[in-house]
Amino acid sequence: MSQSSITLIQGAQVYAPQSRGQQDVMIVGDRIVAIAPQLPVPNIACRVIDGRGKWLVPGFVDALTHITGGGGEGGFHTRTPEMQLSDAILAGVTTVTGVLGTDAITRSHQNLIAKARALKTEGLNVVCHTGSYHLPAKSLMASIEDDLLFIPEFIGVGEVAISDHRSSQPDATQLAQLAAQTRVAGMLSGKRGVVSIHVGDAPSLLQPLWDAVASHDVTLSQFYPTHINRNATLLLAGFEHVKRGGYIDFTASTTDAILAGGEVRASEAVMRGLSAGIPESHMSMSTDGHASLPVFDDAGNLVALTVGEMASLHTEWVYGVQTLGITPEKLLRTLTQTPAEILGLADTGTIAEGSFADVLLLDADSLDIQTVICRGQWMMHDGVLLKLGTFEVK
């Protein structure tokens, strides 16, 4: 067994995301095999890391990433660039969920799967959704059922847009039919079969989902709506959504202009949710990485455009812990274990014996990311990137 295949991290403060105190963690291959207050150093080649003064946490699970780029609302020149491996590693993201958005014309499912497999080859955990903003849902094969059954990377459908001027304005029956198709495909393929929902700022808010559940035999937990921190009114509707049995997701990427327009910071949205009795097991944060972050005027004209950043998850977690005073493990759950559970991604999002070795080491004072391990591979150590994408400049 090679030297790099066994790692012993000693004396780190472990958040699994639940606090487990000071522990040693042993990694063999791509798995965590032991966690204990004091583990013996094996009598074979082993990399030993001093974890004292560090926090050991799960790699972040990003439930919404435009890995092939997004945007285009302002013309061809506003199509945002695709992500690179280092975008995720520097941000502590070890699992990404690739999606198509507004543009499923110049961005294709072929492109999406090709990029997903490239990132997987480079060492990242990658899953995807088939479909896009609009219904009827586009697919790679003959149907969304075929995509989920026969393409390993596809785990659900989305992000389907509602309450947005860019959506296809789906009605309750269309949404219910999509949920039913996805559920059956998920059952047959052994996947969660979630329907990722982009929610805009139209007055209908989450009502289309509630109408679909009220009038058809589908469950609210089948839908996974995001951008729920878009404004305070939608945030309150999101809390009601959870009370009715659903899950909600907050977008970490933002700008000062968007916040000034009424958006609630993702970490603050979690804090408000916790204060309202919403459990962290039903709230998550995602980056919307590499999507466009457009600002429209009242007539629907594009007036400003920036790009979602994958580093936003770590930024929001640090802000929530250090500035807002949210308990570290509660907020950490929203970007690790909770999205992994909602998406049905077993063996990731937690620090546990038998789980994948997706591990971050953070400085205990600053919470800066120092080390990133994905599936047992060392991607960054002491702040130095060890692995770059195939065409990234070294």
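No value in this document is a laboratory result; all are computed from the given coordinates. Computed from a predicted model, the values in this text were never measured in an experiment. Using ideal geometry, Cβ is built from the backbone for each residue, glycine included, and neighbour counts are taken over all protein chains shown.
Listed values, structure above:
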{"quantity": "Extension gain (nm, one decimal) between T219 and S275, 0.36 nm per residue minus Cα-Cα", "calculated": "17.6 nm"}
{"quantity": "Contact order normalised by residue count of region 1-137, Cα under 8 Å, 6+ apart, percent", "calculated": "19 percent"}
{"quantity": "Cα centre as origin, Lys/Arg/Asp/Glu Cβ charges: region 223-382 dipole, Debye", "calculated": "500 debye"}
{"quantity": "3J(HN,Hα) from dihedral phi, region 356-373, Karplus parametrisation 6.51/-1.76/1.60, rounded to Hz, x for glycine, proline", "calculated": "4, 7, 9, 9, 10, 10, 10, 5, 5, 8, 8, 6, 5, 6, 10, 10, 10, 10"}
{"quantity": "Antiparallel content of DSSP bridges confined to region 60-343, in %, to 5", "calculated": "20 percent"}
{"quantity": "Computed helical MRE - 222 nm, the chain, DSSP H runs ≥ 4 contributing -39500 (n - 2.57), nearest 500", "calculated": "-7500 deg cm²/dmol"}
{"quantity": "Region 43-122-region 310-367 distance, computed between alpha-carbon centres (Å)", "calculated": "16 Å"}
{"quantity": "Cleavage-rule hits, GluC sites (Glu not before Pro), region 262-352, DSSP coil, Cβ neighbours within 10 Å at most 13", "calculated": "none"}
{"quantity": "Among T334, H314, T348 - extreme Cα towards positive end, dipole of region 280-394, charges at beta-carbon", "calculated": "T348"}
{"quantity": "Given charges at beta-carbon only (K, R positive; D, E negative), |dipole| of the chain in Debye", "calculated": "720 debye"}
{"quantity": "Flagged links, alpha-carbon separation over 27 Å, of K243/K330; K191/K387; K54/K387; K115/K387; K138/K387; K330/K387", "calculated": "K191/K387; K138/K387; K330/K387"}
{"quantity": "Relative contact order of region 314-394, defined on C-alpha pairs under 8 angstrom at six or more residues apart (%)", "calculated": "14 percent"}
{"quantity": "FRET efficiency, 1/(1 + (r/R0)^6) with R0 41 Å, evaluated for D365 and V184 via beta carbons", "calculated": "0.25"}
{"quantity": "Relative contact order (percent, whole number), the chain, Cα cutoff 8 Å, 6+ residue spacing", "calculated": "20 percent"}
